[in-house]
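First up is the structure itself, then whatever we jot down about it.
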Amino acid sequence: MPDSALENAIAQVSDAQKGVPIIRAFFDKPTFTVSYVVHDPETKQAAIIDSVLDFDPASGRTSFASADAIIAYVAQQGLAVDWLLETHAHADHLSAAPYLQQKLGGKIAIGEHIVTVQNVFGKLFNAGTDFQRDGSDFDQLFADGDHFQIGKLDVTVLHVPGHTPADIAYVIGDAVFTGDTMFMPDYGTARADFPGGNARQLFQSLRRILSLPATTRLFMCHDYLPAGRTEYAWETTVEAERKGNIHAHDGITEDEFVAMREARDATLDMPRLILPSVQVNMRAGHMPAADDNGITYLKIPVNAV
């Protein structure tokens, strides 16, 4: 079947030299997460992608050093933030999108399949009827192939499920923000064993991204510093991934990938912050409502994950 969203993304990348986005990465070492500020150099309109709210699970305290570094950069560059973009409901860090929205404005957005995640985890956390499972905590839900602009930069949305049902990649000019779908070539690909994850879907999503032009820039959401490398890294290209991704390089069959991914996933521990992260991120980064004593609580389901 024709893939019109992918065809539009390929055309966009090929034409993107007319307006290459300016990209600034912010690496959060405690969660190995890379957040991005992407802006149009002509209009100074900007988007923030996959922001991090600092959270200490031992004390239950939040803080804002990571988000404040982004705010300082936005101010220093004189940017206007239009969008606070999430690639998916992260299981390894809490989103700072509401805090950034309060300070900088912008719409909080995610893929439309977040409703699937909300239904699954709404039940796990027994969130009750006050938690709307329709995506309405977010300002915008994107479908596959949706197109919008950051200033004069074209953006195409690609639905890339497999890690979770709701993962999307943002193709901004000639750059793709892949979320957790793939990592640097020497680290491979995302796990696919979370509720709603699927290794076969993940393979198909990987091949979809890797069908973009060879020079397309790819920006990762994480880097875990694999053995043999001494510096964290998060930018690569389609060509480099196709040649060298240890899990998904050209020539790997779908069945080979699925067998590898499922065997590897069976050995992995749950992410350290999955339980606090998901119940916040499924609410667009908002905390659950405070109890009648004025204190907000995050739930830890016992023997349920």
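The values are calculated or read from the model by the stated rules, or taken from the named source; none is laboratory data. As the structure is a prediction and not an experimental result, all values here were calculated from the model. Neighbour counts run over all protein chains shown; Cβ positions are idealised from the backbone, glycine included.
Flag set for Arg283, criterion: crowded, with 16+ Cβ neighbours inside 10 Å, modelled with pLDDT of 95 or more, within 19 Å of Lys123 (Cα to Cα) and not polar (S, T, N, Q).
So, in region 250-272, of the ones that are part of a helix (DSSP H, G or I) and of a type outside the set (D, E, K, R), which residue ends up surrounded by the most Cβ atoms within 10 Å (Cβ to Cβ)?
Per the stated criteria, the residue is Phe257.
Selection of region 168-184 for residues being surrounded by 24 or more Cβ atoms within 10 Å (Cβ to Cβ) and touching a helix residue (DSSP H, G or I) at 6+ places or on another chain (Cβ under 7 Å) yields Ala169, Val171, Gly173, Val176, Thr178, Thr181, Met182.
Just name the residue that is surrounded by the fewest Cβ atoms within 10 Å (Cβ to Cβ) out of those in region 208-249 that are among the charged types (D, E, K, R) and without any contact (Cβ under 8 Å) to a residue 40 or more places away in the chain. That would be Glu231.
Residues in region 26-40 that are over 18 Å from Leu153 (Cα atoms) and part of a strand (DSSP E or B): Phe26, Phe27, Asp28, Thr33, Val34, Ser35. The number of residues in region 111-153 being at pLDDT below 95, within 28 Å of Phe219 (Cβ to Cβ) and charged (D, E, K, R) comes to 1.
Candidates Ala58, Ala67, Ala72: the one that is surrounded by fewer than 15 Cβ atoms within 10 Å (Cβ to Cβ), assigned to a helix (DSSP H, G or I) and of a type in the set (Gly, Ala, Ser) is Ala72.
Regarding region 106-127, can at least one residue be identified that is of a type in the set (A, V, I, L, M), closer than 22 Å to Ala25 by Cβ and more than 18 Å from the chain's Cα centre (by Cα)? Within region 106-127, not a single residue is of a type in the set (A, V, I, L, M), closer than 22 Å to Ala25 by Cβ and more than 18 Å from the chain's Cα centre (by Cα).
Quick one: would you say Pro271 is modelled with pLDDT under 95 and under 30 Å from Gly173 (Cα atoms)? No. Is it fair to say Gln76 is without any contact (Cβ under 8 Å) to a residue 12 or more places away in the chain and not hydrophobic (A, V, I, L, M, F, W, C)? Yes, satisfied.
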